[in-house]
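Everything below concerns the one structure shown next.
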Amino acid sequence: MEPPRDQGLLRSDSIPEVGEDAAATVDMAETLSEEEQDELRKELAKVEEEIQTLSQVLAAKEKHLAEIKRKLGINSLQELRQNITKSWQDVTSTTAYKKTSETLSQAGQKASAAFSSVGSVITKKFEDVRNSPTFKSFEEKVENLKSKVGGSKPAGGDFGEVLNSAANASATETIAEQTQEETH
């Protein structure tokens, strides 16, 4: 007599392949008695009948649901809108959403404060430049040039007007100089 060989994964009995009848490979000692087979067949028929009944009940319930929705005037678009609204409410009530929203809000406030301070710094720099001696000197020269070209116009005006006047005056002086050179 040969001792039993326990080889674990290297068992000598075969495993049924795909498409092979698994019942054909079962040892005859493991088969069910006739009485057990009859009992299992009855249970199988009963479960199949219950599944069919439940499917019919479900179909009737779905039909009833559709009729109620039709009477209430609920269409697919309204239903979709309600589902999206409900889903959005579910999302916004999560802790992760609340934390993210709070973080983004704080980041927005910090960014706003940073932009505000940058704007303040830029404004301050422009004021510093405008109050600098170099700019004052330039502004005086432009005013002098403007009074020479414009004549009786009062001094002042906004900076854009002054620059436009200066540009016009410069162009006028250049043309006058060219005209004098041509006549000489």
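For the stretch 34-170, the solvent-accessible area with a 1.4 angstrom probe is 85 square angstrom per residue. For the stretch 34-170, the share of accessible area belonging to carbon and sulfur comes to 58 percent (1.4 Å probe, ligands and nucleic acids excluded).
Going Cα to Cα from Lys61, which lysines come in below 22 Å? Please leave out same-chain ones fewer than 8 positions away. The qualifying lysines are Lys69, Lys71.
The label point for Lys136 and the one for Lys46, both projected 7 Å from the Cα toward the Cβ, are 10.8 nm apart.
Go ahead and run the numbers for FRET between Thr103 and Leu54, Cβ-Cβ distance against an R0 of 41 Å, rounding to 0.05. Show your work: numbers first, answer last.
Values: r = 48 Å, r/R0 = 1.18.
Once the sixth-power term is evaluated, E becomes 0.25.
Evaluating 6.51 cos²θ - 1.76 cosθ + 1.60 at θ = phi - 60° for every residue in the stretch 60-70, the Karplus couplings come out as 5, 5, 5, 5, 5, 4, 4, 5, 4, 4, 4 Hz, glycine and proline recorded as x.
Quick check on the stretch 34-170: take the gyration tensor over C-alpha atoms, sort the square-rooted eigenvalues as a ≥ b ≥ c, and tell me if it's rounded (a/c under 1.5), prolate or oblate. Taking the square roots of the gyration eigenvalues as a ≥ b ≥ c, the stretch 34-170 is prolate.
The values are calculated or read from the model by the stated rules, or taken from the named source; none is laboratory data. Predicted model only: the values in this text are computed from it and were never measured. For neighbour counting, all protein chains shown are included, and Cβ atoms are generated from backbone atoms with ideal geometry for every residue, glycine included. Heads up: the accessible areas ignore ligands, DNA and RNA and are worked out on the full protein's heavy atoms, side chains in. Shrake-Rupley method; radii C 1.70, N 1.55, O 1.52, S 1.80 Å.
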